[in-house]
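The values are calculated or read from the model by the stated rules, or taken from the named source; none is laboratory data. Predicted model, so just to flag it, every value in this text is computed and none were measured. A quick note on method: Cβ atoms are made from the backbone with ideal geometry, for glycine too, and the neighbour counts reach across all protein chains shown.
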Amino acid sequence: MHILRQLLVATWALTACGASLAQAPAATAGAYPTRPVRLIVPYPAGGGADHWGRLVAEKLAERLGQAVVVENIAGAGGNKGTTAAAGADPDGYTLLLGSVGPLVVHPFTYSALSYNAEKSFAPIALLESSPFVLVASRAVSASSATDLIGLARAMPGTLTYASNGNGSPEHVAGELFKKGLNLDIRHVPYDGAGPARMAVVAGQVSLMFDPCKGALPAIRRGLQTPLAVAAASRLPELPQVPTFREIGVPHYELRIWTGILAPAGTPKEIVTRLNQAIEGILSSAEIRREIADEGGEAGGTTPDEFAAFLRAERIRWSALVEQSGIPKINAEVL
């Protein structure tokens, strides 16, 4: 059984007795879609999220018989585009490429958001997930996690780690690692994953906790060193890299994921139509192979399963954020 399926079974059991999804209004899908559909990607063009957004848009257009146009609305760690999607008409013509940051982490790391992560959206389908990988700059004299931990303890406050920004999942991951091993490593926030990765490759910072799908290109080119993976077992793409459990950090299994959502109130018939189309995309051997090649795992859920997954993820990440001890961002900057 795949990791995501195991997660979904577990989260469904955890949330089966919880509140059910809000009922869609009495509207019909009719001949939907009769015009182009907009897919909001709340991150800059050229990044990993943008890649998946454009791939899904292309394949979804083929199945719907209408163009699916990607609109990049970047800012505030994904919150700006997520806000735009939340305020769109619930008619099926605006969709969101949602991710773990805006939907389950930021409600606990920001003091205020312009959307309600739990109530503003109708979940459609989980697309894919990827575990975190701890990577080191080639400028750091550590070829293994053991070397790195020894170096951090010998020179407290000297090493640094990059993140996508304050309050991001990567920030939470870094602080959890530090606390788990009682290490003094300084946080250096950047405005997005791209600049953070470039800083690691350039040797401007020592480390980064990066989703595998984002880290693999530089790893394969020998531009950074993978030290540990935040998964239950070693990854086929990085068989030489130990898990965090193997290096003495138990219960450190963290994944980044993406999914497709619509504004709350979107008719159930349209949600079902979109879910079936996305399930068809994810059943493609080509798509599943591409996800696997990036160290990830394809999703594939019903709308109810995705909703249950989101509820359980919020519970889990709220505890992780509290454990990390990072201060809340006082206001969302849009």
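Search the range 156-180 for residues being out of contact with any helix residue (DSSP H, G or I) (no Cβ under 6 Å at 6 or more places or on another chain) and in a helix (DSSP H, G or I), and hand back the single one that is surrounded by the fewest Cβ atoms within 10 Å (Cβ to Cβ). Talk me through it step by step, then tell me what you get.
Quick first cut of the range 156-180, residues out of contact with any helix residue (DSSP H, G or I) (no Cβ under 6 Å at 6 or more places or on another chain) only: 156-158, 160, 166, 170-171, 173-174, 177-180.
From what's left, in a helix (DSSP H, G or I): 170-171, 173-174, 177-180.
Working: Glu170: 29, His171: 25, Ala173: 24, Gly174: 27, Phe177: 24, Lys178: 19, Lys179: 13, Gly180: 16.
Among those that are out of contact with any helix residue (DSSP H, G or I) (no Cβ under 6 Å at 6 or more places or on another chain) and in a helix (DSSP H, G or I), it is Lys179.
Tell me whether the range 1-23 contains one or more residues that are modelled with pLDDT of 80 or more and either acidic (Asp, Glu) or surrounded by fewer than 14 Cβ atoms within 10 Å (Cβ to Cβ) (or both). First the steps, then the outcome.
As a first pass, look at the range 1-23 and keep what is modelled with pLDDT of 80 or more: none.
Checked the range 1-23: no residue is modelled with pLDDT of 80 or more and either acidic (Asp, Glu) or surrounded by fewer than 14 Cβ atoms within 10 Å (Cβ to Cβ) (or both).
Being touching a Phe, Trp or Tyr at 6+ places or on another chain (Cβ under 6 Å), of a type outside the set (Lys, Arg) and in contact (Cβ under 8 Å) with a residue 24 or more places away in the chain narrows it down to one residue among Thr94, Thr83; which is it?
Numbers: Thr94 fails: touching a Phe, Trp or Tyr at 6+ places or on another chain (Cβ under 6 Å).
Only one candidate passes the filter, namely Thr83.
Name the residues in the range 250-281 that are buried (at least 20 other Cβ atoms within 10 Å of the Cβ), in a loop (DSSP other than H, G, I, E, B) and of a type in the set (A, V, I, L, M), would you?
Leu254
May I ask you to list the residues in the range 265-300 that are of a type outside the set (S, T, N, Q) and out of contact with any strand residue (DSSP E or B) (no Cβ under 8 Å at 6 or more places or on another chain)? Break it down stepwise before answering.
As a first pass, look at the range 265-300 and keep what is of a type outside the set (S, T, N, Q): 265, 267-271, 273-274, 277-282, 285-300.
Pro267, Lys268, Glu269, Arg273, Ala277, Gly280, Ile281, Ala285, Glu286, Arg289, Glu290, Asp293, listed by residue number.
When you scan the range 100-119, how many residues do you find that are surrounded by fewer than 16 Cβ atoms within 10 Å (Cβ to Cβ) and either assigned to a helix (DSSP H, G or I) or touching a strand residue (DSSP E or B) at 6+ places or on another chain (Cβ under 8 Å) (or both)?
Initial filter on the range 100-119 (surrounded by fewer than 16 Cβ atoms within 10 Å (Cβ to Cβ)): 111-112, 116, 118-119.
In the following step, the residues that additionally are either assigned to a helix (DSSP H, G or I) or touching a strand residue (DSSP E or B) at 6+ places or on another chain (Cβ under 8 Å) (or both) were identified as 111.
Looking only at that region, the number is 1.
Checking Val321 against (1) of a type in the set (A, V, I, L, M, F, W, C); (2) buried (at least 19 other Cβ atoms within 10 Å of the Cβ); (3) closer than 27 Å to Val271 by Cα, which test does it fail?
All conditions pass for Val321, except number (3).
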